[in-house]
Amino acid sequence: MSKISIKMIAIFLSLLILLPGISTPSDSVLSSFYHNAVTSYEKGDYEEAVFHLNTCLELAPVEKPVFKAKIFLMLASCYTKLGNEEKSKISLSFLKQLIEAANLKGIPSLYLNGPDHLVVELNPIKIAGYKTIFKDKKFKVKRLIEKVGRRKTYKKKKKLVLMITCAVLVSFVAAILIFKRKKEKPAPEEPYRDIEWVRIPAGEFEMGDDKNIGEADERPLHKVHLNEYYISKYEVTFEQYDKFCDETGRKKPSNEIYGHKFLPRGKFPVVNIMWNDAKAYCDWLSQKSGRNIHLPTEAQWEKAARGTDKRIYPWGDQSPDSNLANWNTNNNDNKPQIVGSHPDGNSPYGICDMAGNVWEYCSDWYEANYYSVTPYNNPPGPSNGLWKIVRGGSFRRSEGACRSSFRGGNYRSFYHGSIGFRPVMEM
């Protein structure tokens, strides 16, 4: 913001303080923020809705307790949608205090359109923390109507002029921010949202070869317990990786395959990257999103690929064919295919291309005998080694490499037209 703009704001606020008979913000301004909050909620942008709802609380006159009750209810619902139970409880606590202080006869029940265009009832019973906050109170849930003559106000903690001046200040600053946001180009969506995440529930599974058809390094079969995590439904594409390169200045990988074939980038899996490149992409996602995003451990990859029923391939025990995977025998083009091209071969969790297409980097070092000493809870892999694990086979490899328990490895500095990756996110 320029120095001139700052001076104009200071002059404007000074005049407001000196003007006699300052009035509260108009209903139209308050209605505008409330409308924006509702619209954001209906679109599923709950963080944006929280911003507008908090502005409404600053602008709402003290003699409108029913309106404020609706705001607190919507805030609690937004925080529930965002997975923040603590802030949901705080909003419900303010709602409870408001009901008691203003002697309201119930809790407002609101009906809005959700992001899937279905009518969503903001019933407090369904909001996180309701049973804890209202455990000793039985309020009726109903639509409240403010009636003239029955409105009650709170005890004033500050002088009226100071309170109104603060409200106008908030309104003016919020208007500037909104105007500035509209003038600027919209910020790109957080990059981790470009990825379709699939939840893998916490629990135990048996890892390794139980059919005695694999290599020695796939045994012994052993039980592993993993915490809940999320994994990308698809291998990271050129389109996604190129965004990372554009922002960080990193050199974009070649789309050349074996010196004469070129992939058209886009939705094809990114290849010709080293293990360190894949890790750097995950670190970038973590920094941008504030979430713990990394390459999957070998155990996380295998559970996502085969589930808990010890199947040989992601789809089951049937040998691969052209409908199930892009692997050496069935691929006349001898190149990767667009991610998600073989939905019939998805894993039990609905994850695509975990057999064939391109190898996928894991975070673990390779150790042939690691399964003999693997810890039960969330095994991180060996502490050091020469190679990094790759899993899943590729369009160049035979049926055996498509097995979910098959283990491969390469140097961190190695890159190839048949190796890519997919990230994991832990909450």
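The values are calculated or read from the model by the stated rules, or taken from the named source; none is laboratory data. All of these numbers come straight from a predicted model, not from anything done at the bench. So basically every Cβ, Gly included, is an ideal-geometry build from the backbone, and we count neighbours across all protein chains shown.
Brief remarks on what is shown
- Residue within region 322-337 that is closer than 17 Å to VAL424 by Cβ and either among the small types (Gly, Ala, Ser) or assigned by TED's automatic domain parsing to the domain that holds VAL236 (or both) present: no
- Restricting attention to region 30-50 and to residues that are within 20 Å of ILE90 (Cα to Cα) and in contact with a helix residue (DSSP H, G or I) (Cβ under 7 Å, 6 or more places away or on another chain), the residue that is surrounded by the most Cβ atoms within 10 Å (Cβ to Cβ) turns out to be TYR41.
- Annotation note: of SER347, SER319, the sole residue that is farther than 20 Å from ILE419 by Cα, among the hydroxyl-bearing types (Ser, Thr, Tyr), touching a helix residue (DSSP H, G or I) at 6+ places or on another chain (Cβ under 7 Å) and assigned by TED's automatic domain parsing to the domain that holds GLY420 is SER319.
- Here CYS245 fits the description: part of a helix (DSSP H, G or I), surrounded by 13 or more Cβ atoms within 10 Å (Cβ to Cβ) and in contact with a Lys or Arg (Cβ under 7 Å, 6 or more places away or on another chain).
- Members of region 299-325 that are surrounded by fewer than 24 Cβ atoms within 10 Å (Cβ to Cβ) and among the charged types (D, E, K, R): ASP309, LYS310, ARG311, ASP317, ASP321
- Matching entry among ASP344, ASP333, ASP321 (being over 21 Å from GLU204 (Cβ atoms) and outside any loop (DSSP other than H, G, I, E, B)): ASP344
Conditions (1) over 19 Å from the mean Cα position of the chain (by Cα); (2) modelled with pLDDT under 95; (3) on the phi < 0 side of the Ramachandran plot; (4) of a type in the set (Ser, Thr, Tyr), marked per residue:
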residue: CYS245; (1), (2), (3), (4): yes, no, yes, no
residue: PHE262; (1), (2), (3), (4): yes, yes, yes, no
residue: VAL270; (1), (2), (3), (4): yes, no, yes, no
residue: SER289; (1), (2), (3), (4): no, yes, yes, yes
residue: THR297; (1), (2), (3), (4): yes, no, yes, yes
residue: ARG306; (1), (2), (3), (4): yes, no, yes, no
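- Residue satisfying condition, being closer than 15 Å to VAL38 by Cα, at pLDDT below 75 and out of contact with any Lys or Arg (no Cβ under 6 Å at 6 or more places or on another chain), within set LEU57, LEU112, LEU75, LEU160: LEU112
- Region 51-79 - residue that is assigned to a helix (DSSP H, G or I) and small (Gly, Ala, Ser) and, of those, farthest from LEU95 (Cα to Cα): SER77
- So LYS267, is it touching a Gly at 6+ places or on another chain (Cβ under 9 Å), surrounded by 13 or more Cβ atoms within 10 Å (Cβ to Cβ) and over 13 Å from TYR361 (Cβ atoms): yes
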